[in-house]
Every structure is written in structure tokens, then in C-alpha cells.
Amino acid sequence: MTDPAAPCDLHLHSFHSDGILSPAELVRRARGAGLAAIAIADHDTIAGQAEAIEAGGREGVDIVTAVEFSLIEAERDIHLLGYCVDPADGPLSTALAELAAARIERARVIVEKIREAGVDISFDDVRALAGRGSIGRPHVARALLRAGAISSFYEAFARYIGPDGPAYVPKRVLALETVVELVHGAGGVAVWAHPGRMVNDEPLLGRLLAAGVRGLEATHPNHNNTTVALIVAATERFGLVATGGSDFHFDEAMKADIGESTVPYRIVEELRRLAGGR
Ligand code: AMP
Ligand code: MN
Ligand code: MN
Ligand code: MN
């Protein structure tokens, strides 16, 4: 039996979205960091789950299946984690395939706008960086870095692709209720990812809870101790699960390494109880 206090990192990204490591490499790093369980929560894709489960079995790291959705609610950018989803679920796979197609079209438009701003990158460069993964702004940022148009990953967001940049293009997102239904339909639990101080917005939190969100991500590199305490207090008040993880992508984009932001294994058990009990 796994020690309920054993550390787990429930928020990682692989090269199936905007990380750079394979699921198996993430599992090996997790084992090296002494983690009992991990969740690879790629943006809009569950393509990495099967490999993660296979590698986890080999390396003795428990895999909590996961996916990270983006949505807009009350004009705020919200991310939702779907934990314990069945990677073979049909409606979830269909919805994710549609989001992937929309991401490709968006990346084309972003590249066009960057070219209009005078930087010579091509859609094929960006697509090659994304591999078979869910293509996004971080791949554009890496193409800009390679082209020498910027000197750091973050500069891409500040100068080109962030909300105030000339090449900003919003992403196609699903409605809150749709995301929660997809997660529930696939047997999972919906958790508000890195809410930060937005957790104090009671009407917003109320809407998420009314839609069926059952947890809040508390430990996260963007949350200082005060924010973590606020979020944990909200989970206690509303009877929610408090999850956490490093949101590791890759070294240059890293605020915390794998295993530097963790939750105890009992949180994994709580997520599975919630997933099974619905
Ligand atoms: P996308 O889903 O294509 O809109 O890309 C969003 C991803 O870009 C996030 O998940 C982060 O990995 C990354 N990102 C967003 N804003 C920034 C930023 N200001 N600096 C660095 N990375 C960012
Ligand atoms: Mn990301
Ligand atoms: Mn996120
Ligand atoms: Mn993330």
C-alpha cells in the first residue's frame, strides 16, 4: 500500500501539448524525484495517457489520468483539470480532436500575423516544434527564439503573442458546462487549475461549483503561501479536494521542477473516491 503522505505531482505537461519530454521521460524523472504518483495534464489532449500508464507500471509510479482545458467564464481565463478520466472515452476524444483542429487553424493565423509584423517564421517550423502534439503559443515562442527574433521564451508573450501583442489570437474554447459534462462523462473529476486570487471571486467560484467542479488546485508555483492558504480555506469551506502540482513544461519555461510542488498521496485517493462515487 502506498504511504498516504508520499509526495505526488499532479500537474505536468508532455510533448503531447507544450512540454518537451515524453510521458515515459516524465515518469522516469518522477521516479528519480521520489514521487509516488503523477498526473500528465496536457492541454486539450489525452494522447499521452497510455504511454504514461505503461511507463508508470514499469517504474512503479502511479498515474492519475488527466487533461487540462481552457475556458472563459465571466471574462476570466479559467483552466480546468479533468482527473481520473477514461482515456478511451468516445465523446471526450471527439471533443478533443475538434479542439486540436481549431488549434492548428489558430496557429496558422498567429504565424501569419507574426510574418506581417516582419519576422520570418513559417507555419511548418511551428508545426515541427509541436510534433504530433496539441499546437499552441509555446511552440510559436520556440520558433521565434530559433529565428533569433527574441532572446527569451517570455519575450515572445510580451512582444508578440500575449494578450496585448500584435499576433494575439484567442483560442477556441468550450463552455464551462460542456467541459464538466465531458469530464464527468469520462468518469472523471473536474478541478479548477491554479485559481490564484480569483478564488476570492465568490460569484465565479459559485458558478464553477454549480457546474460540478469538485476541487481547487492549491499548491502551484504561481501561488505564494498566502494564496495557498486562501485556496485551502475555500476547499474546507465548500468540501472540495485540494490538489497540486508543478505545472512543469520544460526547463526554460519552468518555475518549479518536477516534484517541487506536490500533494500527499491521500489526495490521489480522494480524487479516485470522488471519481468513483459520482
Ligand atoms: P495556448 O494554449 O496555445 O494559448 O498557450 C498557452 C500556454 O502558453 C500556457 O499553458 C503556458 O504554457 C504558456 N504561456 C502563456 N502565457 C505565458 C507567458 N506570459 N509566459 C510564458 N508562457 C506563457
Ligand atoms: Mn502550457
Ligand atoms: Mn494552466
Ligand atoms: Mn498546465
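The values are calculated or read from the model by the stated rules, or taken from the named source; none is laboratory data. The structure presented is a predicted model; accordingly, all values stated were derived computationally and were not measured. In this analysis, Cβ positions are derived from the backbone assuming ideal geometry, glycine residues included, and neighbour counts consider all displayed protein chains. Surface accessibility is based on the protein's heavy atoms, side chains included, excluding ligands, DNA and RNA. Shrake-Rupley method; radii C 1.70, N 1.55, O 1.52, S 1.80 Å.
Numbers below:
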| quantity | calculated |
| --- | --- |
| Signed unit charges on C-beta, dipole axis of the stretch 1-80, positive-most listed residue Gly32, Leu80, Ala47 | Gly32 |
| Rh (Kirkwood; distinct C-alpha pairs) - the chain, Å | 19.0 |
| Protein accessible area in the chain, 1.4 Å probe - carbon and sulfur % | 50 |
| GNM flexibility winner over the chain from Thr219, Thr227, Thr94 (Cα, springs under 10 Å) | Thr94 |
| Cα→Cβ-extended label distance, 7 Å offset, between Glu98 and Arg146, nm | 3.2 |
| Length gained when the stretch Ala5-Glu269 is fully extended (0.36 nm per residue, less Cα-Cα span) | 93.9 nm |
| Listed residue (Gly276, Ile104, Leu12) projecting farthest to the positive dipole end of the chain, Cβ model | Ile104 |
| Per-residue ³J(HN,Hα) for the stretch 123-134, Karplus 6.51 cos²θ - 1.76 cosθ + 1.60, θ = phi - 60°, Hz, x for Gly and Pro | 4, 5, 4, 5, 5, 5, 5, 7, x, 8, x, 5 |
| Estimated translational D of the stretch 5-116 in µm²/s (Stokes, Kirkwood radius over Cα pairs; 25 °C; 0.890 mPa s) | 163 |
| The stretch 83-157 - accessible surface per residue (Å², probe 1.4 Å) | 47 |
| Low-density loop cleavage sites - trypsin sites (Lys or Arg not before Pro) in the stretch 158-244, where at most 12 other Cβ are within 10 Å (DSSP) | none |
| Placed amide H near Ala218: partners under 5 Å, 5+ positions off or other chain | Thr243, Gly244 |
| Prolate/oblate/rounded label for the stretch 111-158 (Cα gyration tensor, a/c 1.5) | oblate |
| Per residue, in Å², the accessible surface of the stretch 172-278 once ligands and nucleic acids are set aside, probe 1.4 Å | 43 |
| Tensor-based shape of the stretch 33-95 (alpha-carbon gyration tensor, a/c under 1.5 rounded, otherwise prolate or oblate) | oblate |
| Whole-number accessible area per residue in Å² for the stretch 1-60, which is evaluated in the context of all protein chains at 1.4 Å | 36 |
| Under 5 Å, built H, 5+ apart or other chain: amide partners of Phe248 | His13 |
| Chain lengthening between Ser122 and Val109 when straightened (0.36 nm per residue, less Cα-Cα) | 3.6 nm |
| Cα-based shape type of the stretch 144-278, given that a ≥ b ≥ c are square roots of the gyration tensor eigenvalues and the cut on a/c is 1.5 | prolate |
| Value of [θ]222 nm, deg cm²/dmol, for the chain, DSSP H segments ≥ 4, -39500 (n - 2.57) each, nearest 500 | -13000 deg cm²/dmol |
| Size of electric dipole in the chain: Cβ of Lys, Arg +1 and of Asp, Glu -1, about Cα centre, debye, nearest 20 | 120 |
